[in-house]
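Participant: Pasting in a structure now, in structure tokens, and then I'll have a few things to ask.
The values are calculated or read from the model by the stated rules, or taken from the named source; none is laboratory data. Keep in mind it's a predicted model, so treat the numbers as computed, not measured. Note: ideal-geometry Cβ built from the backbone for every residue, glycine included; neighbour counts use all protein chains shown. Remember, those area values only see protein heavy atoms, side chains included, never the ligands or the DNA or RNA. Shrake-Rupley method; radii C 1.70, N 1.55, O 1.52, S 1.80 Å.
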Amino acid sequence: MSAPILEVKDLCVSFETEDGVVRAVDGVSYELHRGRALGVVGESGSGKSVSSLAIMGLLRTPNVRISGSVKLNGQELVGAGEATLRAIRGKRIAMVFQDPLGSLHPLKRIGTQLVEAVKLHEPVSRTVARARALEMLKLVGISDAAGRLDAHPHELSGGMRQRVMIAMALINGPEVLFADEPTTALDVTVQAQILELVARLQRELDTAVVMITHDLGVVAELADEIAVMYAGRVVERASNEELLAHPQHPYTWGLLASIPELDGPPEERLASIAGLPPSLLALPSGCSFYPRCPHARPDHAERVPALADAGGGHLVACHLDVAERRRLWASQAAAGVPEALR
Amino acid sequence: MVLLVSLLTFLIFSVMPSADPAALRAGRAPTPALIAEIRHNLGLDKPLYVQYGRYLERLVTHFDLGYSFRNGTGVREQILRRLPATISLVLGAMVIWLAAGIAIGTVSAVRARTKLDRALMGGALVFISTPVYWLGLVALYLFASDIGVVPIFKGADSYVPLSQSPAGWFGSLLLPWLVLAATYAAIYARYVRSSLREVLAEDYVRTARAKGASERRVVVRHGLHAALTPVVTLLALDVGTLLGGVILVETVFNIPGVGRLGYDAVLHADLPMIEGMVLFGAIFVIVANLLADLAYAFLDPRVRYA
């Protein structure tokens, strides 16, 4: 396989606060190849959004510390100058955010915002940029695209706004698209449309996509590879099929078990993971999932489990040995795999 | 609204007169007969509702504000004659305070919580708390060409109309502009700072950065664009209020504007003049309000549909 387009190695992001150092991202690594999709799954505060903002150089508080390495086509981004990053943002790496209403400028017309995205990176005329904007709006499936160019964001529906955001992100043909919970603020039916749109554009434009979400169902549909994050670390990473069919980390099991089943017995209670995620100010020593893990043993609290290959490129950070993990999952899977993942 | 204002002014003045206008006009040794005659001439011997009714009738039919008790000149003509000086003072000061307020507010918002920000906001607080007449006197004492320690500006009583000499007009108003603008610049700086800080934390500002916009572009094109929209409303109201008369600054600098006219009118219990000034002031404020609403709807498309 060719060299990855995006190579993240041991990325750490911490914030120095009055209460101590918050380790939001703690040694995250992944590679992303051209035209592939990586799903990053985790609950709030697991570091999935912060890691992508750090890669874009968009963490701006003065108390942030970023270390590790992020290479875009071999070019190092961590510690790169603002001018370098500015040339990359919106041109080679683009981002779609969670709330499309808040993410579009409320006082500027859609067309103006799209034209600006083009003109920031290319010395083209307004007319050319506007033609490109129109083309992109059509591509993301906005009806009456020409009319929408003169509309303000509040005149569009939520789904339409997110389509505009996607059009704006992809207008310069970026190599990598970060989609940070792009469907969370939308209706369920619209969510599916937006996911389909991202999947289609990813194929058509050959863009690599990092889909950040707390919803395993979303990545199951879209991602080639899935990384599960917990408390700032990647705890499991594998291909979509492998991870969903043979998950090996107890946290991933918990996530899978908590997906409701449409045809399950109505009186069945939704499974949840006991306890709360640890405070990033004071991570437990050893495995950070230790306090909530039903399979934890005392010695698991002694050191941090490394993300190790459990066979076939399936990476897991867990102290349990592979055979035992397989056995534990098999017994759980017998109880039924959630419908959303079948 | 204007009618209500006129009625209130009339009642306040009639029920609580600062002095008897007739007695003030009667000279040093008034006889009761003379005062009575003056009262009759001014129409003050009629019942209040008749006085007000006549006043209203002339106002509505001819926009006639009556004649000054003090010197018999037409109130409307007097005010209109004085208006250019006040407009000069207010609009000139507005340009200065907007430029200074926006610049300082923006720097403070971008450098929020730094020493520079604290110094600027501390300075702004000083100017907000300073009474404008005191500031005017200090400015005259320091900078006026006649009495100043560093005589670099023209002092009080030097007003030249724009039509007479543009350069003289500019020179004579520079110091009053700065004095009037100081307080407002400080208020606007604080307002712009807080408004811009709020806007800079919005998601769409992050979007602008994610698009690869430069920091200057993010702050000015995306940040200020949204942050200044509410400032327009504030501005219209402030300018409207000031046009009704900048009493203190005009008095300190002896500028023949509406504010001074009002000051003199109050001193001489000149009811028609006060009544006219208040009406003009009310009209300015109402028009300013209307303009503010229109401007806001123009600047913020979301308002048009609300």
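Participant: Can you find a residue in the range B:140-153 that is among the charged types (D, E, K, R), touching a helix residue (DSSP H, G or I) at 6+ places or on another chain (Cβ under 8 Å) and open to solvent by 30 Å² or more (accessible area, probe 1.4 Å)?
Facilitator: no
Participant: Would you pick out the residues in the range B:156-214 that are part of a loop (DSSP other than H, G, I, E, B) and of a type in the set (Ser, Thr, Tyr)?
Facilitator: Passing the criteria: B:158, B:159, B:163, B:165, B:214.
Participant: Out of all the residues in the range A:274-300, which are surrounded by 16 or more Cβ atoms within 10 Å (Cβ to Cβ) and in contact with a Ser or Thr (Cβ under 8 Å, 6 or more places away or on another chain)?
Facilitator: A:277, A:278
Participant: Taking the range B:222-232 only, how many residues are open to solvent by 40 Å² or more (accessible area, probe 1.4 Å) and either more than 14 Å from every other protein chain (Cβ to nearest Cβ) or without any contact (Cβ under 8 Å) to a residue 40 or more places away in the chain (or both)?
Facilitator: 1
Participant: While we're on this one: Based on this model, can you work out whether residue A:204 counts as within 14 Å of chain B (Cβ to nearest Cβ) and either of a type in the set (Ser, Thr, Tyr) or open to solvent by 10 Å² or more (accessible area, probe 1.4 Å) (or both)?
Facilitator: no
Participant: Can you name every one of the helices (runs of 4 or more DSSP H) wholly within the range B:1-66 that holds 3 or more residues which are at pLDDT 80 or above?
Facilitator: It comes to B:2-15, B:32-42, B:48-62.
Participant: Please state which one of B:78, B:51 is within 28 Å of the chain's Cα centre (by Cα) and among the polar types (S, T, N, Q).
Facilitator: B:78
Participant: Right, here's the next one. If you check residue A:94 against the conditions, is it touching a Lys or Arg at 6+ places or on another chain (Cβ under 7 Å) and at pLDDT 95 or above?
Facilitator: It is false that residue A:94 is touching a Lys or Arg at 6+ places or on another chain (Cβ under 7 Å) and at pLDDT 95 or above.
Participant: Residue B:217: assigned to a helix (DSSP H, G or I) and open to solvent by 60 Å² or more (accessible area, probe 1.4 Å), yes or no?
Facilitator: yes
Participant: Okay, next question. Would you point out the residue of the range A:89-107, among those that are among the charged types (D, E, K, R) and either under 19 Å from residue A:172 (Cα atoms) or free of Cβ contacts under 8 Å to residues at least 12 places away in the same chain (or both), that is farthest from the other protein chains (Cβ to nearest Cβ)?
Facilitator: So the residue we want is A:92.
Participant: Identify all residues within the range A:186-201 that are in a helix (DSSP H, G or I), surrounded by fewer than 19 Cβ atoms within 10 Å (Cβ to Cβ) and in contact (Cβ under 8 Å) with a residue 24 or more places away in the chain; write none if there are none.
Facilitator: Within the range A:186-201, A:190, A:193, A:199 qualify.
Participant: Could you tell me whether residue A:38 is of a type outside the set (S, T, N, Q), under 30 Å from residue A:252 (Cβ atoms) and at the interface with chain B (Cβ under 10 Å from one of its Cβ atoms)?
Facilitator: The answer is no for residue A:38.
Participant: Could you tell me whether the range A:114-131 includes any residue that is within 13 Å of chain B (Cβ to nearest Cβ), under 20 Å from the mean Cα position of the chain (by Cα) and closer than 25 Å to residue A:33 by Cα?
Facilitator: no
Participant: Out of the range B:264-288, which residues are open to solvent by 30 Å² or more (accessible area, probe 1.4 Å) and within 14 Å of the chain's Cα centre (by Cα)?
Facilitator: Once the filter is applied, which keeps residues that are open to solvent by 30 Å² or more (accessible area, probe 1.4 Å) and within 14 Å of the chain's Cα centre (by Cα), the range B:264-288 yields B:278, B:283, B:284, B:285, B:286, B:287.
Participant: Please find, among A:236, A:242, the residue that is under 19 Å from the mean Cα position of the chain (by Cα), in a helix (DSSP H, G or I), crowded, with 18+ Cβ neighbours inside 10 Å and not β-branched (Val, Ile, Thr).
Facilitator: A:242
Participant: For the range A:1-116, which fully contained strands (runs of 3 or more DSSP E) count at least 2 residues that are under 30 Å from residue B:299 (Cα atoms) and in the same structural domain as residue A:200 (by TED's automatic domain parsing)?
Facilitator: Output list reads A:93-96.
Participant: Considering only the range B:196-228, state which residues are assigned by TED's automatic domain parsing to the domain that holds residue B:139 and within 19 Å of residue B:291 (Cα to Cα).
Facilitator: Hits for the range B:196-228: nothing passes.
Participant: Of (1) modelled with pLDDT under 90; (2) assigned to a helix (DSSP H, G or I); (3) acidic (Asp, Glu), residue B:77 satisfies all except one. Which?
Facilitator: With (1) modelled with pLDDT under 90; (2) assigned to a helix (DSSP H, G or I); (3) acidic (Asp, Glu) applied to residue B:77, the lone miss is (1).
Participant: Find the residue count for the range A:72-100, including only residues that are within 22 Å of residue A:182 (Cβ to Cβ) and out of contact with any strand residue (DSSP E or B) (no Cβ under 9 Å at 6 or more places or on another chain).
Facilitator: Residues flagged as within 22 Å of residue A:182 (Cβ to Cβ) and out of contact with any strand residue (DSSP E or B) (no Cβ under 9 Å at 6 or more places or on another chain) within the range A:72-100 amount to 4.
Participant: Test of understanding: among B:107, B:132, which residue is of a type outside the set (Ser, Thr, Tyr) and either within 17 Å of residue B:179 (Cα to Cα) or within 17 Å of the chain's Cα centre (by Cα) (or both)?
Facilitator: Checking each option against the conditions leaves just B:132.
Participant: Separate question: Tell me which residues, restricted to the range A:14-34, are open to solvent by less than 20 Å² (accessible area, probe 1.4 Å) and closer than 19 Å to residue A:238 by Cα.
Facilitator: Correct list: A:28, A:30, A:32.
Participant: Sticking with this structure for a sec: Which residue is farthest from residue B:86 (Cα to Cα), if the candidates are limited to the range B:252-267 and must be of a type outside the set (A, V, I, L, M) and in a helix (DSSP H, G or I)?
Facilitator: Residue satisfying both the conditions and the ranking: B:264.
Participant: Would you confirm whether any residue within the range B:289-303 is outside any helix (DSSP H, G or I), touching a residue at least 12 places away in the same chain (Cβ under 8 Å) and in contact with a Pro (Cβ under 7 Å, 6 or more places away or on another chain)?
Facilitator: For the range B:289-303, residues outside any helix (DSSP H, G or I), touching a residue at least 12 places away in the same chain (Cβ under 8 Å) and in contact with a Pro (Cβ under 7 Å, 6 or more places away or on another chain): absent.
Participant: Would you mention how many residues in the range B:135-149 are over 23 Å from the mean Cα position of the chain (by Cα) and part of a helix (DSSP H, G or I)?
Facilitator: Residues flagged as over 23 Å from the mean Cα position of the chain (by Cα) and part of a helix (DSSP H, G or I) within the range B:135-149 amount to 3.
Participant: Taking the stated definitions as given, is residue B:270 without any contact (Cβ under 8 Å) to a residue 60 or more places away in the chain and either more than 24 Å from residue B:101 (Cα to Cα) or polar (S, T, N, Q) (or both)?
Facilitator: No, not satisfied.
Participant: Of everything in the range A:43-88, what is open to solvent by less than 60 Å² (accessible area, probe 1.4 Å), facing chain B (nearest Cβ under 9 Å) and touching an Asp or Glu at 6+ places or on another chain (Cβ under 9 Å)? Give them in sequence order.
Facilitator: A:53, A:57
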